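Notes for the one structure printed next.
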């Protein structure tokens, strides 16, 4: 771990960011350029004291998960993320077995979407970032670990995952999940994390194994869907998707037409906030 290099890099990146980059007003009271330390700490879900010690070169070695949070908070590119990991004495993101890098362009868009559920997914269905409204609608997907980081894996192994959709829609969602994983498997290969996911699901779910043999490939999201909220009931939404150039990540934005019941429920959701979501059954 190169403490001096890590500290200098964090400080420089923080000072070159603008409040507008993360959806904050510039404000007349800002004396120094860039973001405040407490703002970066909040974005990275860590204490201000911990982040300050890292910037001052006296903090402990950050974990890979902590570095991933910092890379997202500072909107680092893939190369910048690799440098961050190397300075901290950790494996670079390209060798870490979990998704650690979020496309900065998608994050910039997500930062500006405050009043509608929005999230960024990897091509394996892993939630890389979610805004407050998305967590209120679907729960915090970013809290999952291991194979369960993938919504595809959870769909076939955790019955509670299906409570978000009406029962009549389960077959369609199952087919879409498998077809999406088939597309990722084709681009990543059998020895990749996609291959690991396929092997685990073939053992864990007969339904998945049967659908996998159909050889269906697709990388699209249903444009109109109904989601079930534990307090508000069914909410009809339209799904718009923005992909990165390599199709490895997607920003999903869920909206409802004005003056519809779905629109009113999303407005109420913004006030209601996070409710208790059902656990695995």
request  = Could you line up 101, 144 from fewest to most neighbouring Cβ atoms inside 10 Å?
outcome  = 144, 101
request  = Pick out which of 232, 106, 147 has the largest mean-square fluctuation in a Gaussian network model of the chain, springs linking Cα atoms closer than 10 Å.
outcome  = 232
query = So how do 235, 120 line up by other beta-carbon neighbours within 10 Å, fewest first?
reply = 235, 120
remark   = Taking Cα atoms, the helix 193-204 axis meets the longest principal axis of the chain at an angle in degrees (rounded to 10) of 40 degrees
query = Which label belongs to the value computed from this structure, given these candidates for Kirkwood radius over Cα pairs in Å: (1) 18.3; (2) 22.1; (3) 20.2?
reply = (3)
key: Rounded to 10°, Cα long-axis angle of helix 261-272 versus longest principal axis of the chain   = 40 degrees
Within the chain, helix-based [θ] at 222 nm, where runs of 4 or more DSSP H residues each add -39,500 (n - 2.57), nearest 500 = -12500 deg cm²/dmol
inquiry  = Between the range 1-19 and the range 141-162, what is the separation of their alpha carbon centroids in Å?
reply    = 34 Å
remark   = So, relative contact order of the chain in percent, Cα under 8 Å, 6 or more apart, is 16 percent
remark   = Footprinting proxy, 69, 180, 42: sorted fewest to most Cβ within 10 Å, the residues are 42, 69, 180
query = Can you give me the relative contact order of the range 3-87 as a percent, contacts being Cα pairs under 8 Å and 6 or more apart?
reply = 34 percent
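FYI, it's all coordinate maths here, none of it is from the lab. Small disclaimer: the values here were computed from a predicted structure and weren't measured. Here Cβ is always computed from backbone atoms with ideal geometry, including for glycine, and neighbour counts include all displayed protein chains.
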